[in-house]
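I have placed the structure first, in the form of structure tokens, so that the comments after it can refer back to it.
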Amino acid sequence: FIGSGISVWSGLPSWEKLIRQMVEFLCDSGSQSKETSEIEQILLEGDLLTGASLCTSLMRKGNFRDFIEEVFIKPNPKPHEIHRIIADLGPDTFITTNYDRLIDDAYHLVHNGLVLSPINNDQPVEQARILKHGASRFIFTPHGRAEKCDTIILTREDYRGLKYNSKSTLMTLQHLLISRPVL
């Protein structure tokens with residue numbers, strides 16, 4: 001189970017830094033300083049979910065897509081040695097809340113070209129397949145992927161949508177955490 005702390009090693013932002021980069025993106029896009037100042041204050045108070053919600057509410061969908069591409073895709077991040085070590089530990093199934101492909105890429109490098117099947121939060125049929133006891137060589141991404149921007153879970157509203165509209169994603173996550181050893 002891999003979170004954003006691992007991706008930081010490859011130059012990608014932590015969750016907090018991601019929200020701060022969204023504020024910068026808004027400023028560069030011409031948002032009013034009053035709005036961004038309010039978001040900065042909320043971030044200082046540690047309320048990242050509200051900060052993310054406010055940032056995305058000020059962005060059009062296309063701007064959000066541009067932002068995600070600018071942060072996660074255009075830099076073309078490469079797996080750090082920590083990713084290779086994790087991939088080489090032996091697991092062939094992964095869960096990550098990260099939007100990047102660093103574990104996928106590290107697994108591919110370490111295991112002579114083998115690939116992990118990405119299973120995203122918008123794929124209930126594929127999620128059902130990984131509920132089988134012997135399912136292997138997959139990476140489950142309940143918070144979505146950068147290349148599928150519409151699947152990203154970032155805001156309070158996104159989490160509510162996941163909770164109430166994506167029961168298969170939560171059931172899959174629960175099943176994996178109960179039925180498999182998790183490191």
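Counted residue by residue at 0.36 nm each, then reduced by the alpha carbon distance between them, the extension gain from residue 78 to residue 57 reaches 4.5 nm. For residue 117, nonlocal amide neighbours, meaning residues 5 or more places apart or on other chains whose placed amide H falls under 5 Å from its own, are 138, 139. Accessible surface for the range 51-183, divided over its residues, is 54 Å² per residue with a 1.4 Å probe. Packing, taken as the mean count of other beta carbons within 10 Å per residue, orders the peptides 85-91, 120-126 from highest to lowest as 120-126, 85-91. Evaluating 6.51 cos²θ - 1.76 cosθ + 1.60 at θ = phi - 60° for every residue in the range 134-140, the Karplus couplings come out as x, 4, 8, 6, 9, 10, 8 Hz, glycine and proline recorded as x.
A simple packing score, the average count of other Cβ atoms within 10 Å per residue, orders the peptides 1-7, 100-106 as 100-106, 1-7, with the highest score first.
As a size descriptor, the averaged projected area of the C-alpha convex hull of the chain was calculated at 10.6 nm².
Solvent-accessible surface of protein heavy atoms, probed at 1.4 angstrom with all chains present, puts 159, 164 in the order 164, 159, largest first.
Probe radius 1.4 Å, ligands and nucleic acids ignored: give me the carbon and sulfur share of the accessible area of the range 4-99 as a rounded percent. Reported share for carbon and sulfur atoms: 50 percent. The phi torsions of the range 19-29, fed into the Karplus equation with coefficients 6.51, -1.76 and 1.60 and a -60° offset, translate into couplings of 5, 5, 5, 5, 4, 4, 4, 5, 4, 5, 8 Hz, rounded to whole numbers, with Gly and Pro shown as x. Each helix, a run of at least 4 DSSP H residues, gives -39500 (n - 2.57); summed and divided by the residues of the chain, these come to -15000 deg cm²/dmol at 222 nm. Once backbone amide H atoms are built at 1.01 Å from N, residue 2 has 95, 96, 97 as its partners under 5 Å, excluding neighbours fewer than 5 places away on the same chain. Taking each of 61/132; 34/163; 61/163; 61/167; 132/167 in turn, the alpha-carbon distance tops 29 angstrom for 61/132; 34/163.
For residue 154, the residues whose modelled amide H falls within less than 5 Å of its own, excluding neighbours fewer than 5 places apart on the same chain, are 159. The range 11-60 and the range 64-137 have Cα centres spaced 27 Å apart. Classify the range 37-125 as rounded, prolate or oblate from the Cα gyration tensor: take a ≥ b ≥ c as the square roots of its eigenvalues, call it rounded if a/c is under 1.5, otherwise prolate when a/b beats b/c and oblate if not. It is prolate, given that a/c is not under 1.5 and a/b is the larger ratio. Under 1.5 on a/c is rounded, so check that first for the range 76-183, then, if it is not, pick prolate when a/b is larger than b/c and oblate when it is not; a ≥ b ≥ c are the square roots of the alpha carbon gyration tensor eigenvalues. Note, shape of the range 76-183 comes out oblate.
The values are calculated or read from the model by the stated rules, or taken from the named source; none is laboratory data. What you are looking at is a predicted structure, and each value in this text was computed from that prediction instead of being measured. Using ideal geometry, Cβ is built from the backbone for each residue, glycine included, and neighbour counts are taken over all protein chains shown. Ligands, DNA and RNA are stripped out before the accessible areas are found, and what is left, the full protein with its side chains, is counted by its heavy atoms. Shrake-Rupley method; radii C 1.70, N 1.55, O 1.52, S 1.80 Å.
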